[in-house]
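Working notes for the structure below.
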Amino acid sequence: MEQKNKTTLGLNLPTDPRWVNIAEKSIAEILIDHAYCEQKAASSGISLIVQYPEHEELVEMLTDLVAEEWSHFERVLEMMKKRGIKLDRMRKDEYVLAISKILRGGGSREDQLVEKLLLNALIEARSCERFKILHQNIQDEELSKFYFELMVSEAGHYNSFLDMAKRFKPEEYVMKRWSEFLEAEAEILKNLEVRPDRMH
């Protein structure tokens, strides 16, 4: 697919236009799910630090990322509190469960690291696209501004993960594998239900 036909950060398939309409009507549910998305992003970064402590540049990048993701979690909680929304139980993340199956098994530790970095880049790219949609379409001005700020941040995280992957494998390999991730994610998204209570 040509780059010009792609969406935010080169994703192969844009979000179903129905999503933003039903999301705005269920903003409390979206914020709850979003809070857990930020928590899981921080946890994922910590997990990679624990798994690959020998890679100093990776640990430095992830340390900053974890701090930022946790600050996002706190900010989402603040937005919820202003609106009288309490944090409910974590929901099953069907999107992440599905895209996790894209990961290849086997290979070296570095091969597995690159797979995990690309998976995280994919999640950040899709989050960025969703935040952009919310920023452009929801009527709540405070939340619109908030999602613009997060959109910029997630784009930076996407680039960090992709750039880091290229430190461990040749760029040609990384971009070929990234293209495969994008194709697989588009097929997964086609088959996922458009839900009012999920950020992804």
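Heavy-atom surface analysis with a 1.4 Å probe gives the chain a carbon and sulfur content of 51 percent of its accessible area. Among the trypsin sites (Lys or Arg not before Pro) in the range 15-112, those located in a DSSP loop and surrounded by at most 15 other Cβ atoms within 10 Å of their own Cβ are Arg83, Lys86, Arg89, Arg91, Lys92, Arg104. For the chain, report the accessible area per residue in Å² (1.4 Å probe, heavy atoms, rounded to an integer). Per residue, the chain has an accessible area of 51 Å².
Of all aspartates and glutamates in the structure, those lying under 17 Å Cα to Cα from Lys86, and not within fewer than 8 positions of it along the same chain, are Glu29, Asp33, Glu38, Glu74, Glu78, Asp197. Within straight-line reach of Lys101, meaning a Cα separation under 18 Å, sit the following lysines at least 8 residues removed in sequence or on another chain: Lys40, Lys92, Lys116, Lys176, Lys190.
The values are calculated or read from the model by the stated rules, or taken from the named source; none is laboratory data. None of the values given here were measured: they were computed from a predicted structure. Glycine also receives a Cβ, built like all others from the backbone with ideal geometry; neighbour counts cover every protein chain displayed. Ligands, DNA and RNA are excluded from the accessible area calculation, which covers all protein heavy atoms including side chains. Shrake-Rupley method; radii C 1.70, N 1.55, O 1.52, S 1.80 Å.
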